[in-house]
Amino acid sequence: MSETLSTMLPLGTIAPNFDLPDTISSKNLSLSDATGKNGTVIMFVCNHCPYVILVLPELLKLAKEYQEKGIGFVAISANDVENYPQDSPALMKKLAQKEGFTFPYLYDETQDVAKAYDAACTPDFYVFDNQNTLFYRGRMDAATPGNGQPVTGSDLRNALDLLLMQKNAPSDQRPSMGCNIKWKKG
């Protein structure tokens, strides 16, 4: 496990488009397929990262809550599955079904989408407004494996609440921390 901070893509960035296979439905989905009427959360995750495993139960709860408020959610895994087979599309689908994902779980085999978002770690969260403009990027909350902080989703919830109230983006946006994305060699 290599602890890595997110790179903090500049606020105001327009969401890069994508067309990736959804491991749950076996259909390709684009940004417009995942976009919510009031905003969209795009998150880079994977199956095996202890940081993702720690926050997953609260993340699933948070997603259900905000999907009901018109926020779209999509998870993307870009890890090199040749060297990290536990992140393969078949196992992504198995995890999503076991945990009851209410959002697509896309596989970025080429890693081009992760690069377009300047994603660096798992989990890495991006909140876009209803015009697909970056409103928030960073951590879900202060919890990391072993630090004793409760998993609350407070940072991400605050950003989504401000977005829904049409307020300014949070001024204090802290990087997410997690395992580095497992980039392909070469």
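The values are calculated or read from the model by the stated rules, or taken from the named source; none is laboratory data. Computed from a predicted structure; not experimentally measured. With ideal geometry, Cβ positions are generated from the backbone for all residues, glycine too; neighbour counts draw on all protein chains shown.
Observations on the structure shown:
- Pair list, Cβ under 7 Å, 6 or more apart: the range 75-100 residue of a type in the set (D, E, K, R), other residue in a helix (DSSP H, G or I): Glu99/Leu56; Glu99/Leu60
- Asp141, sole failed condition from (1) in a loop (DSSP other than H, G, I, E, B); (2) at pLDDT 95 or above; (3) in contact with a strand residue (DSSP E or B) (Cβ under 7 Å, 6 or more places away or on another chain); (4) over 26 Å from Ile14 (Cβ atoms): (3)
- Residue in the range 69-78 that is in a helix (DSSP H, G or I), crowded, with 19+ Cβ neighbours inside 10 Å and not polar (S, T, N, Q) present: no
- The single residue among Ala78, Ala63 that is among the aliphatic types (A, V, I, L, M) and within 16 Å of Ala116 (Cα to Cα) turns out to be Ala78.
- Single unsatisfied condition, Tyr51 versus (1) within 16 Å of Ala119 (Cβ to Cβ); (2) part of a helix (DSSP H, G or I); (3) without any contact (Cβ under 8 Å) to a residue 60 or more places away in the chain; (4) not aliphatic (A, V, I, L, M): (3)
- The condition of being under 18 Å from Ile42 (Cβ atoms), of a type in the set (Gly, Ala, Ser) and surrounded by 16 or more Cβ atoms within 10 Å (Cβ to Cβ) holds for only one of Ala114, Ala143, that being Ala114.
- Matching residues in the range 1-60 - criterion: being among the acidic types (Asp, Glu) and modelled with pLDDT of 95 or more: Asp19, Asp22, Asp33, Glu58
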